[in-house]
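> Below you'll find the structure I mean.
The values are calculated or read from the model by the stated rules, or taken from the named source; none is laboratory data. Since the structure is predicted, the reported quantities are computational estimates derived from the model, not experimental observations. Methodologically, a virtual Cβ is constructed for each residue, glycine included, from the backbone with ideal geometry; neighbour enumeration extends over all protein chains shown.
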Amino acid sequence: MDGAHLCAPLYPVVSEWLRANYFAPAFCVAIAIFSQQNGALSYLLSRPIMVWLGNISFAIYLAHQPLISATARYGHANAWIELPALAVGTLALAAGIYHWVEKPTMAWSKRVVENHYGNATALGPR
């Protein structure tokens, strides 16, 4: 399926504001370009570190704000020290959340669905 056919179903669900501002056609062009997956950006985004960051992205979202709040409340060091420490702390906490909470929860929920519905592949991608 080419990029133009991928974009056609998006028009009904894209809000009026986006269509009025000509964002939807640009978004469809971007989908058509990136769907080919043979450019430099696709290559960069498929690197293992980027895939790992994508896997832990929700955990980063969960972890960053408590660490920022704690740093703002208790940390008064130089920003050159605080910001890298905050980034490393966020990645470490996010990796822990992903490996010890998110992955086991996803495996558990998959088992529940498979026990209830049988083969879960009919319900969506793995």
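> Could you please give the count of residues in the range 38-80 that are more than 20 Å from the chain's Cα centre (by Cα) and aromatic (Phe, Trp, Tyr)?
Residues in the range 38-80 being more than 20 Å from the chain's Cα centre (by Cα) and aromatic (Phe, Trp, Tyr): 2 in total.
> Being modelled with pLDDT under 90 and out of contact with any helix residue (DSSP H, G or I) (no Cβ under 6 Å at 6 or more places or on another chain), is that true of even one residue in the range 47-55? Walk me through it before giving the result.
From the range 47-55, those modelled with pLDDT under 90 are none; that's our starting set.
No, there is no match, as no residue in the range 47-55 is modelled with pLDDT under 90 and out of contact with any helix residue (DSSP H, G or I) (no Cβ under 6 Å at 6 or more places or on another chain).
> Of the residues that make up the range 27-34, is at least one at pLDDT below 80, under 21 Å from the mean Cα position of the chain (by Cα) and within 30 Å of HIS99 (Cβ to Cβ)?
Yes, that holds for at least one residue.
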